[in-house]
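Report on the structure given below.
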Amino acid sequence: MKNLRSIEEVSNEEIYTILKRAGEFEEGAPSQLEKDYLVANLFFEPSTRTKTSFETAERKVGATVIPFEAGFSSTLKGETLYDTVKTLEMIGMDAVVIRHKTDAYYDELLEGINVAVINAGDGAGQHPSQCLLDLFTIFKEFGKFEGVNVTIVGDVSHSRVAKSDAEALTRLGANVRILCPSEWQGDFENTYQDWEELLETSDVVMLLRVQHERDAAFEGFTKEGYHEQFGLTVERERRMKKDAIIMHPAPINRGVEIDSSLVECERSRIFNQVRNGVFIRMAIVESILKERKG
Ligand code: CP
């Protein structure tokens with residue numbers, strides 16, 4: 001891979017290669033990078049997991065992380081994203097990891113930019129590294145994707161995780177079902193509006209965060225009402241299949257998407273996902289930097 005912009009650009013073969021490499025990193029394999037590479041993380045939207053995880057992964061594979069604070073950068077003086085990235089390229093970056101509120105912000109970087117671009121989330125568009133760590137989490141659990149029933153629950157219209165995960169999981173053979181209020185179904189078709197057919201047949205229940213910052217609430221929306229109709233309650237968790245798992249990209253709205261007592265229950269993989277994210281991002285960064293300089 002030269003860049004990682006959208007999961008749609010990543011072939012099934014490349015996905016399996018990244019999952020395998022992440023597994024090797026988890027087992028303690030050393031980095032294959034032999035040169036010193038410079039990487040900067042440009043986060044124009046808040047992040048705890050993705051930013052820290054990428055920084056950790058970059059350091060673990062031996063890259064040098066150059067600090068960049070979006071809130072103190074010249075973007076505040078009106079500098080464009082293109083000019084910001086080009087400037088960092090000229091300073092000597094090999095790769096930039098970018099999170100930005102604009103959908104497909106990377107389109108403006110396709111021409112004239114030679115630094116590698118890794119998308120850490122674009123608006124309501126894509127979140128490919130989250131998708132890969134979700135795939136890694138599911139593959140570790142079931143050893144396959146074919147026939148695995150994955151129920152994605154929540155605001156799929158605003159969710160870059162839902163879009164990335166649904167596309168990749170479907171392509172890899174999983175059965176993806178979407179459960180959401182009709183106001184939030186966006187471009188997804190054949191969505192479900194209640195748990196009935198889904199709860200006892202799901203191998204994976206993937207809950208999505210209610211995105212208050214994107215004005216997601218519709219008329220009549222309340223946190224209590226959402227939890228009652230679409231949330232994973234203790235009663236619903238009890239009806240899940242024996243080996244089914246719970247996932248959530250986080251951050252979590254406790255008591256909204258999921259009962260707080262379930263966040264670290266036996267079948268929850270929510271914090272495992274965070275841990276898996278470091279190995280996946282090591283695999284992504286190593287792959288892209290190796291490609292860059294052979
Ligand atoms: N899952 C995720 O993208 O979390 P952050 O916003 O904390 O990076």
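Read the figures in this text as sums done on the coordinates, not as results from a lab. These numbers were taken from a predicted model, which means no experiment stands behind them. Using ideal geometry, Cβ is built from the backbone for each residue, glycine included, and neighbour counts are taken over all protein chains shown.
General observations
- Ordered by the count of other Cβ atoms within 10 Å of each Cβ, fewest first, His212, His248, His227, His100 give His212, His227, His100, His248.
- Between Arg238 and Asp36, the modelled labels are 6.1 nm apart [label points 7 Å from Cα along Cα→Cβ].
- Between Met90 and Ser260, the modelled label-to-label distance comes to 5.2 nm, taking each label 7 Å out from Cα in the direction of the beta carbon.
- Per the Debye formula on identical point scatterers at the alpha carbon atoms of the chain, with no solvent, log10 I(q)/I(0) at q = 0.10, 0.14, 0.15 Å⁻¹ is -0.53, -1.02, -1.15.
- Within the stretch 45-128: Cβ-based charge dipole about Cα centre, in debye rounded to nearest 20 (Lys, Arg +1; Asp, Glu -1): 400 debye
- For the chain, relative contact order (Cα pairs under 8 Å, six or more residues apart, normalised by length) works out to 22 percent.
- Residues within the reach of a label modelled at Ala29 (point 7 angstrom out along Cα to beta-carbon, backbone nitrogen below 20 Å), restricted to the stretch 274-294, are 275-294.
- The Cα center of the stretch 81-114 and the Cα center of the stretch 224-248 differ in position by 40 Å.
- Each principal axis of the Cα cloud of the stretch 31-96 was taken in turn, and the coordinate range along them, longest first, works out to 39, 28, 14 Å.
- Summarising the amide proton neighbourhood of Ala116: residues at separation of 5 or more, or on other chains, whose placed amide H is nearer than 5 Å comprise Ala95, Val96.
- Long-range HN-HN contacts of Leu232 with modeled amide H, under 5 Å: Ile258, Asp259
- Hz values of 3J(HN,Hα) by residue in the stretch 138-151 - Karplus curve (6.51, -1.76, 1.60), Gly and Pro given as x: 5, 5, 4, 7, 10, x, 6, 10, 4, x, 6, 8, 10, 9
- If you plug the beta carbon distance of Leu110 and Glu167 into 1/(1 + (r/R0)^6) with R0 = 30 Å, you get a FRET efficiency near 0.90.
- For the chain, the Cβ-based charge dipole about the Cα centre amounts to some 880 debye (Lys, Arg positive; Asp, Glu negative; other atoms uncharged).
- For the stretch 64-177, the Cβ-based charge dipole about the Cα centre amounts to some 360 debye (Lys, Arg positive; Asp, Glu negative; other atoms uncharged).
- Unit Cα scatterers, Debye sum, the stretch 178-220: log10 I(q)/I(0) for q = 0.19, 0.29 Å⁻¹: -0.69, -1.19
- Phe72-Gln193 pseudo-label distance in nm [points 7 Å out on the Cα-to-Cβ vector]: 5.1 nm
- Exposure proxy ranking, count of Cβ atoms within 10 Å, fewest first, for Ser287, Ser31, Ser74: Ser74, Ser31, Ser287
- The share of C-alpha pairs in the stretch 1-69 whose separation exceeds 21 Å stands at 36 percent.
- Short-range pairs are left out: with C-alpha atoms under 8 Å and at least six residues apart, the relative contact order of the stretch 45-198 is 15 percent.
- Å³ per residue enclosed by the Cα convex hull of the stretch 141-238: 106 Å³
- Dipole-positive endmost among Tyr192, His158, Cys180 within the stretch 148-196 (Cβ charges, Cα centre): His158
- Other residues within the sphere of radius under 12 Å centred on the Cβ of Leu109, judged by their own Cβ, net out at -4 (K and R +1, D and E -1).
- Which of Phe271, Phe218, Tyr106, positive extreme of dipole for the chain (C-beta unit charges): Phe271
- Each residue of the stretch 12-23 was assigned a 3J(HN,Hα) from its phi angle through the Karplus curve 6.51 cos²θ - 1.76 cosθ + 1.60 (θ = phi - 60°); the sequence is 4, 4, 5, 4, 5, 5, 5, 4, 5, 5, 4, x Hz, with glycine and proline shown as x.
- Across the stretch 62-75, coupling constants 3J(HN,Hα) worked out from phi with the 6.51/-1.76/1.60 Karplus curve, θ = phi - 60°, read x, 7, 9, 9, 9, x, 9, 10, 4, x, 10, 9, 6, 4 Hz, and Gly and Pro carry x.
- Amide H contacts of Gln126 (H built 1.01 Å from N, under 5 Å, at least 5 apart or other chain): Ala104
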